[in-house]
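Just so you know, all these numbers are worked out from the coordinates, no wet-lab data involved. Computed from a predicted model, the values in this text were never measured in an experiment. Counting neighbours? That spans all protein chains shown, and the Cβs are built from the backbone with ideal geometry, glycine included.
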Amino acid sequence: MPAGGRGRNQDKKSKSIIYAGMISLIVYLLWFFLSPHRSLPFSEEMVKAAGIMERAVLIIGEYCDKSGIRIDTTLDPNHTGLIGPVYSDIVTTKGNLEAKRTTTNPEMAALIVYLLEKAGVKKGDTIAIGSSASFPALMIASLSAAKAMEVDPILIFSLGASSYGATNPDFNLLDMFLLLQGRFIFSVKSAAVSLGGEGDIGKEFNPEIKKELIEQIGQTKIPFIYEKDFRKNVLTRMEIYRKNAPRGKISAFINSGGGDANIGLSNLVLKVKPGLNIKLPLPPEKKRGVLFEMASQNVPCIHLLFIKGLVRKYGLPWDPVAPFKSNDE
């Protein structure tokens, strides 16, 4: 086929994807307002956040299609590109597929707006975000919420992921972040990135993959956290958040996933309720992750783990397929 013909076909395919995304967004917004299951009182910022996340997910799915990154529709029927394989060289632990799919619902961004508002966060405030690659959709949801509310996020994320998260080494969480930055969905700079996994330094990773990830991080201007000592790792993160916040003031902390540096080494984390926590029981300092360090400084903490309990608590659907549809339907 002549090159011009291929180009025209590619343009038609791209336009079809865009149109499908626009229809999906309209359907989503109608569903958001009219769904009988929804128990959250909606606000303009909540709907805006959901729309931002929907566009971000569309861009990721479209990028996967154009770049030959396979989306397994048996795992990811909504064609989000945010559900990775069950096993790979950067998988850290087993994950729950239904939970991962649930977080790709753009209503998660609306929920985070609701939780931030409940925490007293207002326009112009600064929030801290700690994300593992286990739930890439939750990092996107958190950034979407921040953008909709016009608050400043300070983001630290890691690249190790449990099953079905951002587990494709060739399209990891750093790739997703840079893609969305490049498409101007988000304009926030990441404050730091780490390998994640065991010890937050990827002890269990294949040495060659670990080397490639370190080289990939090095090609960016994002500060790299590689601290073997757990306590020093946590304090390093706290200092990064403090230095990047005006007058060191953090109005709320969002944790997504189960990275040790964020949730700590104490079983007390099992008592942390999903959603907003104003006060938390504090473990000994040597076992505290960022979540508990923030709580010790009276910073409201939004804990995005135990997803089934989270969506049941706030009336969101579990493992929804509709209204999201595959872009190639």
With +1 on the Cβ of every Lys and Arg and -1 on the Cβ of every Asp and Glu, the dipole magnitude of the chain about its Cα centre, in debye rounded to the nearest 20, is 720 debye
In segment 246-295, which trypsin sites (Lys or Arg not before Pro) are in a loop and have at most 14 other Cβ atoms within 10 Å, using DSSP for the loop call?
LYS249, LYS279
Radius 15 Å from Cβ of LYS123, net charge of other residues (Lys, Arg +1; Asp, Glu -1):
-2
Can you compute the label reach from ARG231? Point 7 Å from Cα along the Cβ direction, backbone N cut-off under 20 Å, restricted to segment 265-286.
265-269, 282-286
What dipole magnitude, in Debye to the nearest 20, does segment 223-305 give about its Cα centre under +1 on Lys/Arg Cβ and -1 on Asp/Glu Cβ?
180 debye
Taking a 21 Å limit on the Cα-Cα distance, which of the listed pairs LYS189/LYS221; LYS123/LYS147; LYS221/LYS286; LYS100/LYS308; LYS228/LYS287; LYS189/LYS273 fall beyond it?
LYS221/LYS286; LYS189/LYS273
For LYS210, counting only aspartates and glutamates whose alpha-carbon sits under 19 Å away and dropping same-chain residues fewer than eight positions off, the answer is ASP89, ASP170, ASP175, GLU198, ASP200, GLU227, ASP229, ASP260
So for the chain, taking the charge dipole from beta-carbon charges (+1 Lys/Arg, -1 Asp/Glu), which of ILE140, GLY84, GLY264 sits furthest toward the positive end?
GLY264
Which FRET efficiency value, to the nearest 0.05, do you get for LYS286 and ARG247 by plugging their Cβ-Cβ distance into 1/(1 + (r/R0)^6) with R0 = 25 Å?
0.30
Between LYS211 and LYS118, 0.36 nm times their residue separation minus their Cα-Cα distance comes to what?
29.3 nm
